[in-house]
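Asker: The structure is given below, and queries will be raised subsequently.
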Amino acid sequence: SWASLALTSFELLDFEEARRAVSRSVRESPKNPEAWWVRSLLQEWRGDFAGAQRSLAHAQWLDPVGFPMPPTLTDDEVERLVESAIGQLHPDLTALLANVPIILDEIPSLDVLLQYHPPASPLELLGTFSGTSVLEKSTDEPWSQLPATIVLYRRNLSRISNSKQELIGQLRITLMHEVGHFLGLDESDLEERGLD
């Protein structure tokens, strides 16, 4: 129950309560793989990626089926996949995206999560688009001319994937989802196109 409380608190962005609950869970039930997994999430959130990897490996050792090690892609592999996906778009769309940086980040920041109403889950946000869509740009509004940005969240994409091939597919879908936002599509438009 302490591990479940820790996970719920983490999802609700109450990281201090999550830390207290997971510490108690690990102390009282050191063989609970969920506690070690939530501990890895909190370490990840604090930027302790090496510690997060050790805790995740411990959860996987305790329960290999329930807590498998997520697949990963190198920065070079991600860059090639992004270039390939963008290169398959219509040349006019490729030209529009020429000045849109596509950034690979480990996890979303608290500020990003709090931009959503209700706040986004730190585990479920796979990518974000920030800026003004192509449809909203206006010569009368100078702020709309600021550059747009697409960010992909490496660890969340890995976490929802069971294999490297699935991770490649998830990365591509997430990228096209955020490109859709850049083009002015809303969530229902993206869902109709299979990009939800």
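Asker: Before I look further, what does the chain give for accessible area per residue, probe 1.4 Å, in whole square angstrom?
Answerer: 57 Å²
Asker: Arrange the residues L185, L73 by how much accessible surface each exposes, largest first, with a 1.4 angstrom probe.
Answerer: If we order L185, L73 from most to least accessible, we get L185, L73.
Asker: Taking Cα centroids, how far is segment 61-88 from segment 1-19 in Å?
Answerer: Distance between centres, Cα-based: 27 Å.
Asker: Before rounding to the nearest 500, sum -39500 (n - 2.57) across all DSSP H runs of length at least 4 in the chain and divide by the residue total; then give [θ] at 222 nm in deg cm²/dmol. Please report the intermediate quantities before stating the final value.
Answerer: Working: 10 runs with 105 residues, N = 196.
Result for the chain, helices only: -16000 deg cm²/dmol.
Asker: Next question, about the same structure. With viscosity set to 1.306 mPa s at 10 °C, what whole-number translational diffusion coefficient in µm²/s follows for the chain from Stokes-Einstein and a Kirkwood radius over Cα pairs?
Answerer: On the way: Rh = 18.3 Å.
D, rounded to a whole number, is 87 µm²/s.
Asker: Using a ≥ b ≥ c from the Cα gyration tensor of segment 1-68 (square roots of the eigenvalues), is it rounded, prolate or oblate, where a/c under 1.5 gives rounded and otherwise the larger of a/b and b/c decides, a/b for prolate?
Answerer: oblate
Asker: Roughly how much of I107 is accessible, in Å² to the nearest 10, using a 1.4 Å probe?
Answerer: The value for I107 is about 30 Å².
Asker: Roughly how big is the chain's charge dipole about its Cα centre, with Cβ charges of +1 (Lys, Arg) and -1 (Asp, Glu), in debye to the nearest 20?
Answerer: Charge dipole, the chain, about its Cα centre: 1040 debye, nearest 20.
Asker: Report, in debye and to the nearest 20, how large the dipole of segment 1-83 comes out about its Cα centre when Lys and Arg carry +1 and Asp and Glu carry -1 on their Cβ.
Answerer: So the magnitude is around 600 debye.
Asker: Considering only protein heavy atoms and a probe of 1.4 Å, how much of the accessible area of the chain is carbon and sulfur, as a whole percent?
Answerer: In the chain, the share of accessible area belonging to carbon and sulfur is 54 percent.
The values are calculated or read from the model by the stated rules, or taken from the named source; none is laboratory data. Being a predicted model, the structure only gives us computed values, none of them experimental. Methodologically, a virtual Cβ is constructed for each residue, glycine included, from the backbone with ideal geometry; neighbour enumeration extends over all protein chains shown. The protein model used for the area step is the full one, side chains on, heavy atoms only, and it has no ligands, DNA or RNA in it. Shrake-Rupley method; radii C 1.70, N 1.55, O 1.52, S 1.80 Å.
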